[in-house]
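FYI, it's all coordinate maths here, none of it is from the lab. A quick note: this is a predicted structure, and the numbers were derived from the prediction, not measured. Methodologically, a virtual Cβ is constructed for each residue, glycine included, from the backbone with ideal geometry; neighbour enumeration extends over all protein chains shown.
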Amino acid sequence: MASIDSTPSQDPQKSVDRRDTVDGEQVMALREERLVAFKEPKAVGEVIVRREVADVPGEIEVERFVDEIHQERVPINLVVEQRTDPWNEDETLIIPVYEERLRVIKELVLTEQIRIRRGRVAERQVYRDTLHKDQLVIENPDRVNLIED
């Protein structure tokens with residue numbers, strides 16, 4: 001409930017007509033009214049407040065940075081006497097890869113001699129196969145006696 005306090009000290013019409021003289025000049029005082037509100041709490045009922053949790057889908061898009069590695073293998077095949085630690089060239093890390101290789105020397109070595117002698121030996125061997133042989137066939141349909149020599 002609000003109440004308004006509007007108790008002017010004088011009648012507004014009379015305050016406007018009032019004039020004073022200061023150092024030979026006329027001064028007119030102006031006044032105004034203002035409203036002031038007062039509030040009084042008043043119980044009108046009760047409420048119950050409780051909390052419920054609801055699941056709702058959410059999504060956020062963020063920018064992330066991922067380091068990528070680009071690898072290049074460069075064959076060198078250079079015989080060196082000592083190892084070198086990895087080093088940087090510009091923004092590239094260079095890692096030397098070493099392997100030990102066995103060095104083999106090729107030599108011509110006479111290991112033995114084979115001696116061969118020639119001698120003759122007689123062997124008997126039997127071969128079997130089908131052979132073709134021409135034969136003479138004489139037919140005598142009339143049964144004539146022929147003389148054979």
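General remarks:
- Residue list for region 92-140, filter: acidic (Asp, Glu) and within 60 Å of the chain's Cα centre (by Cα): Glu99, Glu100, Glu107
Residue-by-condition table, conditions (1) among the hydrophobic types (A, V, I, L, M, F, W, C); (2) farther than 30 Å from Arg101 by Cβ:
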position: Glu25; (1), (2): no, yes
position: Ala37; (1), (2): yes, yes
position: Glu40; (1), (2): no, yes
position: Ile48; (1), (2): yes, yes
position: Ala54; (1), (2): yes, yes
position: Glu72; (1), (2): no, no
position: Ile76; (1), (2): yes, no
position: Glu81; (1), (2): no, no
position: Asp85; (1), (2): no, no
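- Among the conditions (1) within 57 Å of the chain's Cα centre (by Cα); (2) surrounded by 10 or more Cβ atoms within 10 Å (Cβ to Cβ), Arg64 misses just one, which is (2).
- Which listed residue is outside any loop (DSSP other than H, G, I, E, B) and not β-branched (Val, Ile, Thr), from Leu93, Leu30: Leu93
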